[in-house]
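Before any comments, here is the structure.
Bear in mind these aren't lab numbers, they're just calculated from the coordinates by the rules spelled out. Only a predicted model underlies this, so the values are computations on that prediction, with no experimental measurement involved. Using ideal geometry, Cβ is built from the backbone for each residue, glycine included, and neighbour counts are taken over all protein chains shown.
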Amino acid sequence: MHVTLEMVSGKTEEHLSELNGDCLLHQAVVAPFQSLQAVAAEKGIDLQVASGFRSFERQLTIWNAKASGHRLVLDDQSQPFNLVNMSERERAFAMLRWSALPGCSRHHWGTDMDVWDAAAVSPNYVLQLTPDEYQQNGPFHKLSCWLGEHAGEYGFVWPYEHDNGGVAPEPWHLSYSPVAQQFEARLNAQYIRKILDNSELVLKDTILNCLDEIIPKFIFSACIRK
Ligand SMILES: [Zn+2]
């Protein structure tokens, strides 16, 4: 399937299929993910997606809620950030550690998903997606270890595995690399600038002023395709 700029930026859903009721993935990713689910199940892991595809509009809503202080932004120790005394530039860069700009999220592609193990927690467990849940003594440590050994055999990788000063490590964020690499190849800075300029983005002027710095640091740095 030809990857369009609209697909890369979350402006269309034409490339997606349902994984289950409320989760959409790229239509070429559903079967590989289900294979991974099936082999995980043999080890007692109930591999589930907390978040698959997200649209441009959804990501814009998330960004704006955080940037305007209506939704918490966490720091590297999973503590709430105090954004009040920061300059706009500091606030934007603090947010980019944990939140993608609309048009720039790998979740737009349907190739990436945040995963957890439903068998490891009680049915009323409130999923946080914090690093300690996936580390030793965390409920999803078994999942992390199993994925570390086997996800690669099925084409799944971690774009945010290491802290390179851009996006903070996200042990829950998997990417199906055969398809994700096609999207990475289509990332286009000029197009990103245009859609952000045409959006109702909070901190827009600051973001556009720093965009040449932001794109390599927070977007291209996560690419599997180097
Ligand atoms: Zn994610």
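Mind checking the alpha-carbon convex hull of region 5-222 and giving the volume per residue in Å³? If you can, show how the numbers build up before the last one.
Details: hull volume 26.8 nm³, N = 218.
It comes to 123 Å³ per residue, whole-number rounded.
Legend: calculated FRET efficiency, Ala41 to Met1, from the Cβ-Cβ distance at R0 = 35 Å, rounded to 0.05, equals 0.75.
If packing is taken as the mean number of other Cβ atoms within 10 Å per residue, what is the order of 167-173, 188-194, 124-130, highest first? Present the calculation step by step, with values, prior to reporting the outcome.
Details: 167-173: 20.1, 188-194: 14.3, 124-130: 12.1.
Highest to lowest by the protection proxy: 167-173, 188-194, 124-130.
Our estimate of slack between Asp197 and Glu149, defined as 0.36 nm per intervening residue step minus the Cα-Cα distance, is 13.0 nm.
Go through Lys43/Lys66; Lys11/Lys66; Lys11/Lys142 and tell me which ones have a Cα-Cα distance over 29 Å in this structure.
Numbers: Lys43/Lys66 38 Å; Lys11/Lys66 21 Å; Lys11/Lys142 36 Å.
Violating the 29 Å limit, Cα to Cα: Lys43/Lys66; Lys11/Lys142.
Relative protection proxy for 36-45, 86-95, from highest mean packing down: 86-95, 36-45 (other beta-carbon atoms within 10 angstrom). If a helix is a whole DSSP H run, which ones in the chain reach 15 Å or further along their own axis (Cα) and hold a mean Kyte-Doolittle hydropathy of at least 0.0? Helices meeting the criterion: 30-42.
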